[in-house]
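Structure first, then comments.
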Amino acid sequence: MKTVIIGGDAAGMSSAAKLRRLNKTAEIRVYEKGSYLSYSSCGLPYSAAYEDRSIDRLIQRTPADFEASEIYPKLRHEVLKVNPGDKTVLVKNLDTGDEFFDTYDNLLIATGARPVIPEIPGIGLENVLRLKTIDDGIKLKSVLPGVNSVLIAGGGYIGVEVAETLASV
């Protein structure tokens with residue numbers, strides 16, 4: 001039995017680990033569009049705001065940790081299309097641009113939510129950032145030194161934590 005999981009954050013990797021515990025022989029492949037998997041997104045505001053807090057501390061398990069459990073994550077691989085009729089996914093390697101099909105018996109889509117980004121003038125400017133992934137946190141951390149004011153659009157838990165953290169720095 002082969003399971004393909006789309007999304008390598010909390011839901012996807014927790015599901016992969018649970019499947020491994022339930023079925024020692026299952027083939028498990030995870031496609032993650034980003035550069036990291038299995039990290040604590042709740043800590044992003046704090047790691048970005050404080051210079052002494054490494055973003056790397058947010059990573060719970062590395063790809064090698066998962067591979068040791070025979071769970072095979074593919075970072076920077078985006079699933080472009082799901083074909084349920086023939087049980088295939090079209091995958092793009094974001095580093096090489098190569099596209100290929102992979103097959104599955106079971107499919108789990110664990111990509112999480114997409115942030116709502118309003119179409120307002122200036123939304124594409126260099127210092128208009130979002131904070132959802134570790135890559136976003138790294139970029140935020142790189143621009144924060146020397147910033148005197150910040151506007152936070154969004155009152156979800158990440159937005160509130162960013163506001164609280166930046167107010168205390």
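The values are calculated or read from the model by the stated rules, or taken from the named source; none is laboratory data. These numbers were taken from a predicted model, which means no experiment stands behind them. Cβ coordinates were reconstructed from backbone atoms using ideal geometry, including for glycine residues, and neighbour counts include every protein chain displayed.
Annotations for the structure displayed:
- Selection count where residues are in contact (Cβ under 8 Å) with a residue 12 or more places away in the chain, closer than 25 Å to Leu37 by Cα and either touching a helix residue (DSSP H, G or I) at 6+ places or on another chain (Cβ under 9 Å) or among the charged types (D, E, K, R) (or both), scope the stretch 128-153: 13
- Hits in the stretch 46-83 (condition: assigned to a helix (DSSP H, G or I) and over 15 Å from Ile28 (Cα atoms)): Tyr46, Ser47, Ala48, Ala49, Ile55, Asp56, Arg57, Leu58
- Among the conditions (1) of a type in the set (Val, Ile, Thr); (2) in contact with a helix residue (DSSP H, G or I) (Cβ under 6 Å, 6 or more places away or on another chain); (3) surrounded by fewer than 13 Cβ atoms within 10 Å (Cβ to Cβ), the only one that Ile55 does not satisfy is (3).
- Of all residues in the stretch 37-50 being crowded, with 23+ Cβ neighbours inside 10 Å and closer than 30 Å to Asp98 by Cα, the one that is nearest to the chain's Cα centre (by Cα): Leu37
- Cross-chain or 6+ apart pairs with Cβ under 6 Å, the stretch 78-104 first and touching a residue at least 24 places away in the same chain (Cβ under 8 Å), then in a strand (DSSP E or B) and of a type in the set (Phe, Trp, Tyr): Val79/Tyr31; Val91/Tyr31; Val91/Phe100
- Test: residue in the stretch 18-30 that is assigned to a loop (DSSP other than H, G, I, E, B), in contact with a strand residue (DSSP E or B) (Cβ under 7 Å, 6 or more places away or on another chain) and either among the small types (Gly, Ala, Ser) or over 19 Å from Asp136 (Cα atoms) (or both): yes
- Only a single item in (1) among the β-branched types (Val, Ile, Thr); (2) more than 19 Å from Ile138 (Cα to Cα); (3) at pLDDT below 95 is not met by Thr62, and it is number (2).
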